[in-house]
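Taking it in order: structure first as structure tokens, then the write-up.
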Amino acid sequence: MNITRFYLLRDPEENQCIADMDEAAPYNFEKIRCPIERGHARARRNSPLNMVVPCDPAPDVIFTWMSECLIQEPVRQIFDSEGLTGFSALPARAKIKKTGVSIPVHELAVTGWGGMAPEATGIREVERCHACGHLVYSRLEAPEKLIDFHNWDGSDFFMIWPLPRFRFVTERVVEVCERHGVTGVAFSQNWPTSQRKGSGFTPGRLSHYMPRERAQLLGGALGID
Ligand SMILES: [Zn+2]
């Protein structure tokens, strides 16, 4: 059996087609305020993405300024028919900026699980607010230690907490995308290097990134859902 190899799914270098919010139809945000610490205040999007795509034709995979990832409907069909696991295709809308023509898209939500970042990475929880659920983690020192086979659920797409915007994928995803000529996406084996100097992670909660029920299942016992 081949040892599974892992990649990060990301946008192409010098991506010129980053989608922006549709000013005419802004998202709904839920404001989360903390009764103890003002600095914990944050916003959580609670309506589907509604994006304007600056290029025509749009690539098959479209990234947004907030690092969300959209897939066009044919890509969802490819992922489904190839039996790729560990993602949900959430409702989303997008239109081409120049023509206003809408394109059928979904938000790609990673629901596969690679576990909590092992302590050997340098990432540890440094703050947990019991009033509002604000979480802070220390910075990443050893990215090569992020993936631990024992923590991985075997999904083709998976997330390691607290790095929800890093979309880890198996070699199968890379192979499927290459074989079908999926555009707008790149794969890298350069693991995330340390974040901006000295800073750690304040990822919010797991349910910001995947359906609530799934977040509860994965993160309920860990108190991160
Ligand atoms: Zn708080």
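Read-outs throughout are calculated quantities, based only on the coordinates presented, and are distinct from any laboratory measurement. What you see is a predicted model; the values in this text were computed from it and never measured. Cβ coordinates were reconstructed from backbone atoms using ideal geometry, including for glycine residues, and neighbour counts include every protein chain displayed.
In Å, what Kirkwood hydrodynamic radius results for the chain from the alpha-carbon pair distances?
18.5
Grab every C-alpha pair in the range 21-70, bin the distances at 10 angstrom width from 0 up to the longest one, and report whole percents.
So the P(r) values, bin by bin, are 21, 40, 24, 11, 3.
Against the globular-protein guess of 2.2 N^0.38 Å, express the Cα radius of gyration of the range 121-162 as a ratio, rounded to two decimals.
Numbers: Rg = 12.7 Å, N = 42, 2.2 N^0.38 = 9.1 Å.
Rg over 2.2 N^0.38 Å, computed on Cα atoms: 1.39.
I'd like the per residue volume of the convex hull spanned by the Cα atoms of the range 100-225, given in cubic angstrom. Walk me through the numbers before you get to the answer.
Values: hull volume 19.4 nm³, N = 126.
Considering the Cα atoms of the range 100-225, their hull volume per residue is 154 Å³.
Using θ = phi - 60° and the Karplus curve 6.51 cos²θ - 1.76 cosθ + 1.60, what whole-Hz ³J(HN,Hα) does each residue of the range 37-52 get, with Gly and Pro shown as x?
Here the 3J(HN,Hα) series is 10, 4, x, 8, 4, 7, 10, 10, 5, 10, 9, x, 4, 9, 10, 10 Hz.
Under a Cβ-Cβ limit of 4.7 Å, which cysteines in the chain have nobody to pair with?
69, 129, 177
How large is log10 I(q)/I(0) at q = 0.12, 0.21 Å⁻¹ when the Debye formula is applied to the Cα atoms of the range 22-155, each weighted equally and without solvent?
-0.71, -1.17
Using only the alpha carbons, work out the radius of gyration and Dmax of the range 85-145 in angstrom.
When restricted to Cα atoms, the range 85-145 yields Rg and Dmax of 18.5, 50 Å.
Just to be sure I understand: with springs between alpha-carbon atoms less than 10 Å apart, which residue in 112, 83, 204 has the highest mean-square fluctuation in the Gaussian network model of the chain?
83
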